[in-house]
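Here's the structure we're looking at; comments come further down.
The values are calculated or read from the model by the stated rules, or taken from the named source; none is laboratory data. Bear in mind that the values here come from a model prediction, so they are computed numbers and not experimental data. Positions of Cβ are generated from backbone atoms using ideal geometry, with glycine treated the same way; all protein chains shown enter the neighbour counts. Accessible surface areas use protein heavy atoms only, side chains included; no ligands, DNA or RNA. Shrake-Rupley method; radii C 1.70, N 1.55, O 1.52, S 1.80 Å.
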Amino acid sequence: MLQDYIASLLDGEKNHTEIRAQTTEEVKISVVGGNLVANAASETGGVCARVCKNGSWGFASCADYDKDSVRAVLNEAKDNAVFLDHRLNKGKAPLPVTAPYQEKIKTLPPPVPRKCYIDFAMELDGYIAKTYPKLAGRRVVAMAEKFEKLLYTTCGTATHTVAPRVYVYVFLSAETKDGETLELFEVLDGGHGYFPDYFTSVEKYHGIIDQLYRELMDKTEGIFPEAGTADVILAPSLSGMLAHEAVGHTVEADMVSGGSVAGHCLGKQVASPLVHMVDFAHTALGQPAPLPILVDDEGTICEDEILIKDGVLVGYMNNLESSVRYEMKPRGNARAFAFSDEPLIRMRNTAVLPGKDKLEDMIASIDNGYYLTRTGNGQADTTGEFMFGINMGYEIKNGKLGRALRDTTISGVAFDMLKTVTMLSDELVWESSGYCGKKQPMPVGIGGPAVKCKVSIGGQ
């Protein structure tokens, strides 16, 4: 078997070495206004090798996967490591030896016919067209992808991991009285697994679509918020994005070494004592994390990384190399997207932990502010400064929800904003349909409770 051959190539290697074979399969179906406009499937794959010699990394990859290509990429990676070591002369100590992780070759289910995706999307579109004929536009998107990896390392790791995920999205648009077109979207369902694991009946999603339509109609009658600093409640989707974009990236060890704000904050108060933040590996609060990862692409067994505890920054996310620099235990945060990518320090399932408050009590505690419920995008930099687009929300007047909001933005500095947190709802809500765009795309899970805080909000 080729797996035995790969393992034999690592026998006697003195330097840390990884060989990874990987395939990535993708399916995307899009129905716009009743018309099938996208019906695509793709598969890419190959093999790569990575070697560390005295702190210098050699890497090589090839789109073929046979004995000759495996041997060739390993030799090329070794040659590259020797060349860089000679030129850079880093002279670093060997990487830590991690515990080996063994995983048997899995038997995979047969592929789901694309007709299943198409039929489901068309039936959903039919319900929307019949129920809400006055919409300006409608779109249904079904997507699935599967990452399959074989990984062998000189630490003794030999794994076969399979990470499938699937989602269905609905986009609705409507016109306002002044002719402006507004859009909202919803991820109906999905996560780790295959299409039949989630999507067995269109009827179960009618209520979600109906709620999305009601919010869209509210938005067409919406107002713009008053610009300035405001008391707000961030819905879980926003607190999850905040955890990922504005905090998570600043505490990735490669970003820390590059000068992120977190480099000066370890052991310091960066948030309200109510705030706890964790990058979960595969299990969160006794339940499976949305995108479980058991072993990373350096062969490190994955464990949870506590980032903020009682408002204090207590940890960074590391790979093998940075764990030596910061004297922290590597917990499996090195991930690569494609066979031709080297592993980078990446988040997995990052969340602000829930508190003890009820959402209705949080709303009742605000005399004049906003409840922000949906975001379409967000960005942040290594200073912790962030700006998120808000595409749905409601004003709060005298402790009650009022009119809907038009599109706006919120901004601030994460570690400053987190210090204003006074209430956290008692539920943890996950989202996992998006990608992180740090040099390579990467599926990630983000989560959190509703968060009461102060933030700068844009006006008209």
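At 222 nm, what value in deg cm²/dmol follows for the chain if DSSP H runs of at least 4 each add -39500 (n - 2.57) and the sum is divided by all its residues, to the nearest 500?
Mean residue ellipticity, 222 nm, calculated: -6000 deg cm²/dmol.
Got a sec? Charge dipole of the chain, +1 on Cβ for Lys and Arg, -1 for Asp and Glu; which of Val232, Ala450, Pro292 is way out at the positive end?
Going by the Cα projections, it comes out as Pro292.
What number, in percent, do you get for the relative contact order of the chain if the mean sequence gap of Cα pairs under 8 Å and at least 6 apart is divided by its residue count?
16 percent
Sort the chain into rounded, prolate or oblate with this rule: let a ≥ b ≥ c be the square roots of the eigenvalues of the Cα gyration tensor; rounded if a/c is under 1.5, and if a/c is not under 1.5, prolate when a/b is larger than b/c, oblate otherwise.
Taking the square roots of the gyration eigenvalues as a ≥ b ≥ c, the chain is oblate.
Nearest-5 percent of antiparallel DSSP beta bridges in the chain? Provide the component values of the computation, followed by the final result.
Values: 117 of 128 bridges.
Of those bridges, close to 90 percent are antiparallel.
Please list 96-109, 45-58 highest first by mean number of surrounding beta-carbon atoms within 10 Å per residue. Mind showing how you got there, number by number?
Numbers: 96-109: 12.5, 45-58: 21.9.
Ranked by mean Cβ neighbours within 10 Å, highest first: 45-58, 96-109.
Based on Cβ point charges of +1 for Lys and Arg and -1 for Asp and Glu, what charge dipole magnitude is obtained for the chain about its Cα centre, in debye rounded to the nearest 20? Don't jump to the answer; show the numbers that get you there.
Numbers: 46 positive and 60 negative charges, 67 e Å.
Computed about the Cα centre, the dipole is about 320 debye.
How far is helix 206-220 tilted off the main Cα axis of the chain, in degrees rounded to 10, range 0 to 90?
Relative to the chain, helix 206-220 is tipped by roughly 60 degrees.
Would you please state the base-10 log of I(q)/I(0) at q = 0.10, 0.19 1/Å for the stretch 94-229, with intensities from the Debye formula using one equal scatterer on every alpha carbon?
Debye curve over Cα of the stretch 94-229, log10 I(q)/I(0) at q = 0.10, 0.19 Å⁻¹: -0.53, -1.07.
Once the principal axes of the Cα atoms of the stretch 1-109 are found, what is the range along each, listed largest first in whole angstroms?
Extents along the principal axes, in whole Å: 62, 32, 28.
Extending each Cα 7 Å along its Cβ direction at Asn377 and Ile208, get the distance between those two points in nm, one decimal.
Placing both labels 7 Å along Cα→Cβ, they lie 2.4 nm apart.
So with the 1.4 Å probe, I'd like the accessible area per residue for the chain, rounded to whole Å². Please list the in-between numbers first.
Working: 20130 Å² over 460 residues.
In whole numbers, the chain has 44 Å² accessible per residue.
In terms of the Cα gyration tensor, with a ≥ b ≥ c the square roots of its eigenvalues, is the stretch 27-69 rounded because a/c is under 1.5, prolate because a/b exceeds b/c, or oblate?
oblate
Report, in degrees rounded to the nearest 10, the 0 to 90 angle that the Cα long axis of helix 114-131 makes with the longest principal axis of the chain.
10 degrees
Using the Cα centre of the stretch 104-258 as the reference point, and only Cβ charges (+1 on K/R, -1 on D/E), how large is the resulting charge dipole? Debye, rounded to the nearest 20.
The calculation lands at about 900 debye.
Once the dipole of the stretch 371-460 is set up with Lys and Arg at +1 and Asp and Glu at -1 on Cβ about the Cα centre, which of Gly376, Leu405, Phe386 lies farthest towards its positive end?
Leu405
Work out, in µm²/s and without decimals, the Stokes-Einstein translational diffusion coefficient of the stretch 56-130 at 20 °C, 1.002 mPa s, Rh from Kirkwood over C-alpha pairs.
Values: Rh = 17.9 Å.
In µm²/s, the coefficient is 120.
Can you give the convex hull volume of the alpha carbon atoms of the stretch 46-171 per residue, in Å³?
Given the Cα convex hull of the stretch 46-171, per-residue volume reads 185 Å³.
Dipole magnitude of the stretch 1-159 about its Cα centre, charges +1 at Lys/Arg Cβ and -1 at Asp/Glu Cβ only, in debye to the nearest 20?
Using Cβ point charges on Lys, Arg, Asp and Glu, the stretch 1-159 gives about 560 debye.
Quick one: which of 416-422, 332-338 comes out on top by average Cβ neighbours within 10 Å, and what's the full order, highest first?
Answer by packing, highest mean first, reads 332-338, 416-422.
Give the shape of the stretch 164-262 as rounded, prolate or oblate, defined through the alpha-carbon gyration tensor: a ≥ b ≥ c are the square roots of its eigenvalues, a/c under 1.5 means rounded, and otherwise the shape is prolate if a/b is larger than b/c and oblate if not.
Since a/c reaches 1.5 but b/c is at least a/b, the shape of the stretch 164-262 is classed as oblate.
On C-alpha positions alone, give me the angle between the axis of helix 67-88 and the longest principal axis of the chain, in degrees, nearest 10.
90 degrees
Can you order the peptides 278-285, 175-182, 393-400, 205-212 by their average number of other Cβ atoms within 10 Å per residue, highest first?
278-285, 393-400, 205-212, 175-182
Stretch Gln102-Met328 to full length: gain in nm at 0.36 nm per residue minus the Cα-Cα span?
Full-extension gain reported as 79.0 nm.
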